[in-house]
Amino acid sequence: MSAVSAVPVGSGVLVDMPGNAQLLVVQPQSGEFRAFNPACPHVGSLVNPPAGGVITCPLHGSAFDPSTGAVRKGPATSGLTEVAITLSGENLVLA
């Protein structure tokens, strides 16, 4: 799915998956990796990788916690959906 080295600490990357799907893979703190469906729960637009400690939706400004995906600011009323990943050597793979 993605090499650990491709995911910056304090930020993240959008990863292309089979079937035209994408995942947002983040590293909120060194060695802590999470993956989320990058579709904003408000209207489904693609969120941006974290910047300044927050994941944002460029369409309406919803904000999400990069450690948990929880909504910090609406209009979204629910958080991002987490996708289980695991570390396999130097790569992150779907769990």
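The values are calculated or read from the model by the stated rules, or taken from the named source; none is laboratory data. Predicted model, so just to flag it, every value in this text is computed and none were measured. Note that each Cβ is placed from the backbone with ideal geometry, even for glycine, and that neighbours are counted across all protein chains shown.
Among the residues making up the range 1-20, those that are closer than 21 Å to Asp65 by Cβ and either assigned to a strand (DSSP E or B) or among the acidic types (Asp, Glu) (or both) are Ser2, Val9, Gly12, Val13, Leu14, Val15.
Check off (1) surrounded by fewer than 18 Cβ atoms within 10 Å (Cβ to Cβ); (2) without any contact (Cβ under 8 Å) to a residue 12 or more places away in the chain for Thr56 and give me the number that stays unchecked. For Thr56, the exception is condition (1).
Keeping to the range 55-75, report how many residues are under 16 Å from Ser45 (Cα atoms) and either modelled with pLDDT under 95 or in a loop (DSSP other than H, G, I, E, B) (or both). It would help to see each step written out before you state the result.
Restricting attention to the range 55-75, the residues satisfying the condition of being under 16 Å from Ser45 (Cα atoms) are 55-64, 69, 71, 73-75.
This time we only want the ones that are either modelled with pLDDT under 95 or in a loop (DSSP other than H, G, I, E, B) (or both), so: 57-62, 69, 74-75.
Residues in the range 55-75 being under 16 Å from Ser45 (Cα atoms) and either modelled with pLDDT under 95 or in a loop (DSSP other than H, G, I, E, B) (or both): 9 in total.
So if I check each of Phe64, Phe33, which one is under 18 Å from Glu90 (Cα atoms) and either touching a helix residue (DSSP H, G or I) at 6+ places or on another chain (Cβ under 8 Å) or aromatic (Phe, Trp, Tyr) (or both)? Spell out the reasoning first.
Values: Phe64 fails: under 18 Å from Glu90 (Cα atoms).
Checking each option against the conditions leaves just Phe33.
Anything in the range 39-54 that is assigned to a loop (DSSP other than H, G, I, E, B) and within 11 Å of Arg72 (Cβ to Cβ)? List them, or say none.
Just the residues of the range 39-54 that are assigned to a loop (DSSP other than H, G, I, E, B), to begin with: 40-45, 47-50, 52-53.
Scanning the range 39-54 gives a single hit, Gly53.
Checking the range 76-87 against the condition returns a match, with at least one residue being part of a strand (DSSP E or B), surrounded by fewer than 14 Cβ atoms within 10 Å (Cβ to Cβ) and either of a type in the set (Val, Ile, Thr) or modelled with pLDDT under 95 (or both). Residue check: Ala95 meets all listed conditions (1) without any contact (Cβ under 8 Å) to a residue 12 or more places away in the chain; (2) of a type in the set (A, V, I, L, M); (3) surrounded by 13 or more Cβ atoms within 10 Å (Cβ to Cβ) but one, namely (3).
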